[in-house]
Amino acid sequence: MDKLKIIGQRALHGTVQASGAKNAALPLMAAALLTAEPVLLHNTPQLMDVRTLSKLLRSLGAQVEQQGDALRIDAAAVDHYEASYDLVKTMRASVLVLGPLLARFGQARVSLPGGCAIGARPVDQHIKGLQALGADIVVEHGYIVARVATPSGRLRGAHITTDMVTVTGTENLMMAAALAEGETLIDNAAREPEVVDLACLLRRMGAQIRGEGTSQIRITGVPRLRGATHRIIPDRIEVGTFLCAALATRGDVTVQGADPAHQDALLDKLREAGAQITTGDDWIRLRADALPAGRPRAVSVRTTEYPGFATDMQAQFMAVNCIADGAARITETIFENRFMHVQELVRLGAQIDIDGHTCVVRGVPQLSGANVMATDLRASAGLVVAALAAEGQTLIDRIYHLDRGYDAMEVKLRALGADIERIKTSPGA
Ligand code: EPU
């Protein structure tokens, strides 16, 4: 298991390139199952999660190959319809193959993901929505076993209102409805930019979709979809992580290839903390080298669905608050157990009290390096931000979590002046 060694208190300076969004790439890759023609996805990030989904698509019979910065997926020869527990337990987003397999082949067998480090994360809304579209679904032996039970063999459009806003739930239902008979209305739909990116690819494939980016998405099903070429949107969470790192180290960083329109909630909070932010069409610059108090100001946040403050930025923003001037309240409303990083931040000298879904962070002038453990993807990113700001050396263990969702993070940070190094551990060591 690799570790990251970080010597903190080097201000980050320079320009860094954002990668394509993990949480767009995964549903877009699953969408390639909806057609027998190739789908080419440019700007696909090099990540463990992308490799895991590639493996799953290959196990179904698809061809997946890297062509430069693009991933080419050809699902013409798919003849298996099962996502095994071994794959789904390593990556919950594997459940995204359920809707497409069911819509194109009339059957799917997908393992239930089980709990995860950040909460229970059930998939009942995916199942309920697909049942409304005419699927027969039973859960047996830990698997969701789904079949299309309509006389025509196609799913049929329906009005679905999800009980809560769910990102991958909305995506699964959009993909299923794209090949259904008739019209589907998804109410209470997720409005995330990644959902909009999926609609954009589906439309290029010939789907009829309206309303993406709002909480009502209308889809008129078509019998067949075609291949398409698409460029994946920038990873707003990776972008946000670099901006938090720049603020925590009092640096001056420009992130290229970003979409500022996706970052409103975060940019407002970073400004409130004292950062100077400027933006262009595809870049964001954060300057924190001349903070009035020499430290960021403490800023409270409450995570909510897009366009609110993203739960995926909570740990990184908490890390900034750890060294801020004043006290902040961080409230997590999306996942029930997403404060696993708190005890690790405390090991770095942070002062944080947890009360249910809220943490009170009292900023300290300086964190001090220590050995810490990553517990999930964004928790790891929070620890990296804190370690970059801390005095002395931090060793972060279990960074495979980070590799799931960040493309060459230590290489990018080193280019910005961070003292960061991956320590490879040989198997069995
Ligand atoms: N929920 C249910 N039932 C469902 C679906 C969701 O109870 O059927 C609950 C969840 O347990 C959670 C809430 O609804 O409490 C929202 O979950 P959502 O379904 O929106 O999460 P997700 O689709 O599983 C995606 C991202 C996550 C991100 C969340 C929230 C992907 C592949 N994953 O997960 O990303 O945190 O939306 O924005 O898009 C990450 O990248 O680190 C990550 C965890």
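Here are the numbers for this structure:
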{"quantity": "Verdict on residue 155 being at pLDDT 95 or above and under 22 Å from the mean Cα position of the chain (by Cα)", "calculated": "no"}
{"quantity": "Residues within segment 60-74 that are in a loop (DSSP other than H, G, I, E, B) and not acidic (Asp, Glu), tallied", "calculated": "3"}
{"quantity": "Number of the condition not met by residue 282 [criteria: (1) away from the ligand (no atom under 16 Å from the Cβ); (2) under 23 Å from the mean Cα position of the chain (by Cα); (3) surrounded by 18 or more Cβ atoms within 10 Å (Cβ to Cβ); (4) not aliphatic (A, V, I, L, M)]", "calculated": "(3)"}
{"quantity": "Options 132, 146: the member that is more than 23 Å from residue 333 (Cα to Cα), among the aliphatic types (A, V, I, L, M), within 16 Å of the ligand (Cβ to nearest atom) and open to solvent by less than 20 Å² (accessible area, probe 1.4 Å)", "calculated": "146"}
{"quantity": "Test: residue in segment 150-172 that is of a type in the set (A, V, I, L, M, F, W, C), farther than 26 Å from residue 335 by Cα and in contact (Cβ under 8 Å) with a residue 40 or more places away in the chain", "calculated": "yes"}
{"quantity": "Any hit, segment 89-96, residues being in contact (Cβ under 8 Å) with a residue 40 or more places away in the chain, open to solvent by 60 Å² or more (accessible area, probe 1.4 Å) and under 19 Å from the mean Cα position of the chain (by Cα)", "calculated": "no"}
{"quantity": "Residue check, residue 72 away from the ligand (no atom under 11 Å from the Cβ), in contact with a Pro (Cβ under 7 Å, 6 or more places away or on another chain) and under 17 Å from residue 27 (Cα atoms)", "calculated": "yes"}
{"quantity": "Helices (runs of 4 or more DSSP H) lying entirely in segment 280-393 (those with 1 or more residues that are in contact with a Cys (Cβ under 9 Å, 6 or more places away or on another chain) and closer than 18 Å to residue 265 by Cβ)", "calculated": "314-322, 377-389"}
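Yes/no matrix, rows are residues, columns are (1) closer than 21 Å to residue 21 by Cβ; (2) touching a residue at least 40 places away in the same chain (Cβ under 8 Å); (3) part of a strand (DSSP E or B):
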{"site": "40", "(1), (2), (3)": "yes, yes, yes"}
{"site": "44", "(1), (2), (3)": "yes, yes, no"}
{"site": "50", "(1), (2), (3)": "yes, no, no"}
{"site": "53", "(1), (2), (3)": "yes, yes, no"}
{"site": "58", "(1), (2), (3)": "no, no, no"}
{"site": "76", "(1), (2), (3)": "no, yes, no"}
{"site": "79", "(1), (2), (3)": "no, no, no"}
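The values are calculated or read from the model by the stated rules, or taken from the named source; none is laboratory data. What you see is a predicted model, and the numbers here were worked out from it, not measured in a lab. Counting neighbours? That spans all protein chains shown, and the Cβs are built from the backbone with ideal geometry, glycine included. These accessible areas exclude ligands, DNA and RNA; they are computed on the full protein's heavy atoms, side chains included. Shrake-Rupley method; radii C 1.70, N 1.55, O 1.52, S 1.80 Å.
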